[in-house]
Amino acid sequence: MPSMGNALTRAIGRAILWVTGWRVKGRPPNEKKLIAIIGPHTSNRDFIYVLGAMLSLGVRISVMIKKEAFFFPMSLLYNAIGAIPVDRSSPNDVTAQMAAEFHANDKLWLGIAPEGTRSKVGRFKKGYLRIARSAGVPIFITALNAPAREVVLDKLWPVSDGIDEDNKAIEDYIFTNFTGVRPENQ
């Protein structure tokens with residue numbers, strides 16, 4: 001798996017989790033490439049808990065950020081955390097860009113919130129599945145379970161040819177088994 005940090009950053013991650021009262025449940029898979037979907041995404045605080053988990057485990061999870069945000073000095077931070085600049089002018093281009101990133105890197109975990117927002121949504125967006133199919137990588141379900149204050153490293157989900165069916169099954173699985181920080185946004 002892609003790694004980052006050192007003993008200090010792992011200690012900082014553990015401190016974030018300890019201060020917030022959260023913990024990590026489960027283990028990261030031994031995969032070089034995958035898409036880690038993180039849900040239910042219902043609050044800005046989700047980032048803090050996931051960051052604590054990521055740092056404590058020493059795992060690098062890259063995220064997509066619009067290329068316009070990569071200006072100095074923010075570009076220094078984004079590059080340090082492994083953010084990937086994307087041109088969002090065409091949704092299909094994002095899939096191709098991310099597939100190219102997977103093919104260009106020996107190790108890459110891409111973190112995506114399938115809801116695409118913290119607000120209440122009717123359905124998950126399907127871009128994460130399109131990217132996974134195009135890049136030939138599995139989906140790793142990472143969930144927030146707020147009542148238990150856990151970041152759950154759950155399971156690998158193989159991608160089939162049925163994007164609509166996979167999306168519905170993953171959405172049902174997450175919403176049935178996990179509760180976000182703000183359940184009213186689920």
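Taken together, the values in this text are just the output of simple stated rules run on the coordinates, not laboratory data. All figures in this text were calculated on a predicted structure; none of them were measured in a lab. Counting neighbours? That spans all protein chains shown, and the Cβs are built from the backbone with ideal geometry, glycine included.
Quick rundown of the values:
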quantity	calculated
Net charge of neighbours whose Cβ lies under 13 Å from the Cβ of MET1, counting Lys and Arg as +1 and Asp and Glu as -1	+3
Positive minus negative residues near LEU110 (Lys, Arg vs Asp, Glu; Cβ under 10 Å)	0
Projected area averaged over orientations for the range 61-108, convex hull of C-alpha atoms, nm²	3.3 nm²
Cβ-derived FRET efficiency at R0 25 Å, LYS67 paired with GLU31, nearest 0.05	0.35
Net charge over other residues, Cβ less than 10 angstrom from the Cβ of GLY26 (K, R count +1; D, E count -1)	+1
Extension gain, TYR173 back to ALA11 (0.36 nm per residue minus Cα-Cα distance, nm)	55.1 nm
Kirkwood hydrodynamic radius of the range 1-155, Cα pairs, Å	16.1 Å
Spin-label proximity, SER75 to the range 82-111 - amide N less than 19 Å from point 7 Å beyond Cα toward beta carbon	82-89
Ranked by how many other beta carbons lie within 10 Å on average, peptides 94-101, 157-164 from highest	94-101, 157-164
